[in-house]
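Participant: Submitted below is the structure of interest, expressed as structure tokens.
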């Protein structure tokens with residue numbers, strides 16, 4: 001087994017810990033193994049990889065794509081350290097409006113699996129954070145949507161006073177406006 005799969009407080013979101021091989025040459029670690037992911041309930045085809053680079057104190061999100069172009073995501077921080085957030089926006093879910101958070105970093109090498117029906121965002125905790133996304137559906141601007149990062153009904157503890165946020169993300173709707 002090359003990975004450990006851990007269920008978080010919202011059990012559909014998984015923290016994936018890859019096995020890391022380190023020696024005097026450096027590090028070797030897998031990011032994805034279709035068979036092992038399938039065996040652990042991630043029965044998806046990933047069709048697009050994208051990456052972001054974010055400066056310290058940047059919040060990106062909370063983003064998702066509308067039906068029929070919803071996306072599941074595998075997110076890994078290849079450089080730096082981020083507070084990663086997944087918010088359940090599935091209307092009939094017991095955990096609707098709840099969120100889970102975890103630290104993803106170049107140091108722990110963990111991967112977060114976020115299924116369809118979740119909004120995603122993160123806070124960059126170091127300079128020049130590089131995140132890699134593996135997506136189950138391509139990115140389509142016309143289906144892009146989101147929820148305001150500071151929605152009081154979700155009440156995410158970002159633990160920051162003055163984050164750097166894009167104008168687009170500052171003006172996203174609140175969860176109750178998109179239900």
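FYI, it's all coordinate maths here, none of it is from the lab. If you're wondering where the values come from, they're calculated on a predicted model, not measured in any experiment. Please note: Cβ atoms are built from the backbone with ideal geometry, for glycine as well, and neighbour counts cover all protein chains shown.
Participant: Go through the residues of the stretch 49-65 one by one and say whether even a single one is surrounded by 12 or more Cβ atoms within 10 Å (Cβ to Cβ) and farther than 21 Å from residue 131 by Cα.
Facilitator: no
Participant: Could you tell me which of the residues 92, 145, 155, 159 is farther than 30 Å from residue 30 by Cα, touching a helix residue (DSSP H, G or I) at 6+ places or on another chain (Cβ under 8 Å) and surrounded by fewer than 18 Cβ atoms within 10 Å (Cβ to Cβ)?
Facilitator: Working: 92 fails: touching a helix residue (DSSP H, G or I) at 6+ places or on another chain (Cβ under 8 Å); 155 fails: touching a helix residue (DSSP H, G or I) at 6+ places or on another chain (Cβ under 8 Å); 159 fails: touching a helix residue (DSSP H, G or I) at 6+ places or on another chain (Cβ under 8 Å).
The unique qualifying residue is 145.
Participant: If you don't mind, there's one more thing I want to ask. Taking the stated definitions as given, is residue 114 surrounded by fewer than 17 Cβ atoms within 10 Å (Cβ to Cβ) and within 30 Å of residue 20 (Cβ to Cβ)? Let's see the steps before the verdict.
Facilitator: Details: surrounded by fewer than 17 Cβ atoms within 10 Å (Cβ to Cβ): no; within 30 Å of residue 20 (Cβ to Cβ): yes.
Considered against the rule, which asks whether it is surrounded by fewer than 17 Cβ atoms within 10 Å (Cβ to Cβ) and within 30 Å of residue 20 (Cβ to Cβ), residue 114 comes out as no.
Participant: To continue, here is another question. Restricting to the stretch 111-138, name every residue that is touching a strand residue (DSSP E or B) at 6+ places or on another chain (Cβ under 6 Å), assigned to a loop (DSSP other than H, G, I, E, B) and closer than 19 Å to residue 159 by Cβ.
Facilitator: Once the filter is applied, which keeps residues that are touching a strand residue (DSSP E or B) at 6+ places or on another chain (Cβ under 6 Å), assigned to a loop (DSSP other than H, G, I, E, B) and closer than 19 Å to residue 159 by Cβ, the stretch 111-138 yields 125, 126.
Participant: Does residue 33 satisfy being more than 18 Å from the chain's Cα centre (by Cα) and under 13 Å from residue 3 (Cα atoms)?
Facilitator: Working: more than 18 Å from the chain's Cα centre (by Cα): yes; under 13 Å from residue 3 (Cα atoms): yes.
Against the criterion (more than 18 Å from the chain's Cα centre (by Cα) and under 13 Å from residue 3 (Cα atoms)), residue 33 qualifies.
Participant: Considering (1) assigned to a loop (DSSP other than H, G, I, E, B); (2) within 21 Å of residue 159 (Cα to Cα), say which one residue 103 fails and leave the rest.
Facilitator: (1)
Participant: Quick check: anything in the stretch 52-69 part of a loop (DSSP other than H, G, I, E, B), within 10 Å of the chain's Cα centre (by Cα) and in contact (Cβ under 8 Å) with a residue 24 or more places away in the chain?
Facilitator: Looking through the stretch 52-69, none of the residues is part of a loop (DSSP other than H, G, I, E, B), within 10 Å of the chain's Cα centre (by Cα) and in contact (Cβ under 8 Å) with a residue 24 or more places away in the chain.
Participant: Continuing with this model, one more query. Mind listing just one residue for me: the one in the stretch 139-153 that is in a loop (DSSP other than H, G, I, E, B) and touching a residue at least 24 places away in the same chain (Cβ under 8 Å) and, of those, nearest to residue 34 (Cα to Cα)?
Facilitator: Filtering first and then ranking leaves 139.
Participant: Step by step: first the residues of the stretch 161-178, then only those that are in contact with a strand residue (DSSP E or B) (Cβ under 6 Å, 6 or more places away or on another chain) and part of a loop (DSSP other than H, G, I, E, B), then the one that is farthest from residue 54 (Cα to Cα). Which residue is that?
Facilitator: Top of the filtered list is 172.
Participant: Which numbered condition in (1) touching a strand residue (DSSP E or B) at 6+ places or on another chain (Cβ under 6 Å); (2) exposed (fewer than 12 other Cβ atoms within 10 Å of the Cβ); (3) part of a loop (DSSP other than H, G, I, E, B) is the only one that residue 45 fails?
Facilitator: Every condition holds for residue 45 apart from (1).
Participant: Still on this structure, I have one more. Taking the stretch 70-99, which residues are within 17 Å of residue 151 (Cα to Cα), over 10 Å from the mean Cα position of the chain (by Cα) and not in a loop (DSSP other than H, G, I, E, B)?
Facilitator: Hits for the stretch 70-99 are 88, 99.
Participant: From the set of residues in the stretch 13-40 that are in contact with a strand residue (DSSP E or B) (Cβ under 8 Å, 6 or more places away or on another chain) and assigned to a loop (DSSP other than H, G, I, E, B), which is farthest from residue 131 (Cα to Cα)?
Facilitator: Going through the qualifying residues, I end up with 40.
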